[in-house]
Amino acid sequence: MDALAAELRALAPSCGPVRLVAVDGHAGSGKTTFAGRLAAALGGAPVVHLDDLATHAEPFDWTERLRAQVLDPLAAGRSTEHQVYDWTLGHFAGTAAVPLAPVVLIEGVGAGRRAVRPRLARLIWMELAAEDARRRGEERDGPALADFWAGWARAESAHFAADPSRPYAATTVDGVTGRISAGTVGEPSTSP
């Protein structure tokens, strides 16, 4: 993880002075966990969770909120904050700060979408089959959210069919082990 963090810090800025790094993959593939580990390796890099910008009614229509509340201010060299959606209350409640930093992570399904890619320094994909990721998510969330997962799976499938991220990822990470996949950018050196 330290080698990947050093590599990301060395990239050219992609969004104003920031190296914007996306962690994308299917829901339940380990994006949040991996982004947290990477943020720690980066010395506490800010992480924008796309679940905070999505809503029940608009699970994938958060691009404009991300642009206006996060990307444009960072591109202008300013710290910012964004609204946070409360999934229990069903509306936006509160905000999350995004300090200006050398590297800022965005994580969530669709983080590497077409509208965001021009501002990315790196796209990381969590490699886990959709059905395995869904099973993991359902186990995590319990039977009370089974209907949500069924609807989510349809929406996610439609999203990736129309706007795939995986082909644009320079780095892939095994969603089970959390290890950077062989043959991708950021792979740890095997030399002594």
Counted residues, region 72-119 - those being without any contact (Cβ under 8 Å) to a residue 40 or more places away in the chain, surrounded by 18 or more Cβ atoms within 10 Å (Cβ to Cβ) and not polar (S, T, N, Q)
3
Could you figure out which of (1) on the phi < 0 side of the Ramachandran plot; (2) outside any strand (DSSP E or B); (3) touching a residue at least 24 places away in the same chain (Cβ under 8 Å); (4) within 17 Å of the chain's Cα centre (by Cα) isn't true of Arg140?
(4)
Return a yes/no flag: does region 151-168 have any residue that is basic (Lys, Arg), over 17 Å from Trp87 (Cα atoms) and touching a strand residue (DSSP E or B) at 6+ places or on another chain (Cβ under 6 Å).
yes
Within region 69-91, of all residues that are of a type in the set (D, E, K, R) and out of contact with any Phe, Trp or Tyr (no Cβ under 9 Å at 6 or more places or on another chain), the one farthest from Ala54 (Cα to Cα) is Arg78
With respect to Leu42, is the statement that it is touching a helix residue (DSSP H, G or I) at 6+ places or on another chain (Cβ under 9 Å), more than 25 Å from Val176 (Cβ to Cβ), at pLDDT 95 or above and surrounded by 21 or more Cβ atoms within 10 Å (Cβ to Cβ) true?
no
If you take the residues of region 91-129 that are assigned to a strand (DSSP E or B) and among the charged types (D, E, K, R), which of them is nearest to Arg37 (Cα to Cα)?
Glu107
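The values are calculated or read from the model by the stated rules, or taken from the named source; none is laboratory data. Just so it is clear, the structure is predicted and the values come from calculations on it, not from any experiment. With ideal geometry, Cβ positions are generated from the backbone for all residues, glycine too; neighbour counts draw on all protein chains shown.
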